[in-house]
Amino acid sequence: IEAQIADIQSRKKEIQKQQTANSGVGLLEAGGFYDTDLYDEDGGKGKSRYEGYNTSIAANDEMEEDEDDGFPVPQKRTTYTAPKSVLKDVTQGQEDVDPLADRRRPTIADREDEYRQKRRRIVISPENGDPFAD
């Protein structure tokens, strides 16, 4: 019985090998069909389509030695100086001016007169103190 079982197992393995061999061709195996213009490294033309491009990305933001353009990097100034007349104009009450005031949509509160604006400032109830505060 054991000899028959071994014989059946060996036949089964041979049949499986034949089926996998005849089942088809893998996508990237030799003889497989796929668009060589898209998937081949050389695009079917004998040269790489990435020729002349960098194909790697730097792991950090620092420039490598071979990437130096040769231009001197300008130093950043620690202070900014301007003529005194310009500095004087900037400091003269420009803090409360809204540059977009003419483009702002008017609200109902903007159209109220002084008498009606008082109702928004009325204290409705006095502020309650905390009864458990020491």
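What follows draws every value from the coordinates through simple rules; no lab data is involved. What you see is a predicted model; the values in this text were computed from it and never measured. Every residue, glycine among them, receives a Cβ derived from its backbone with ideal geometry; neighbour counts consider all protein chains shown.
A few notes on this one:
- Pairwise label distance in nanometres, D102 with A6, each label 7 Å out on the Cα-Cβ vector: 10.3
- Spin-label model distance (nm) - R120 vs Q75, 7 Å beyond Cα toward Cβ: 5.4
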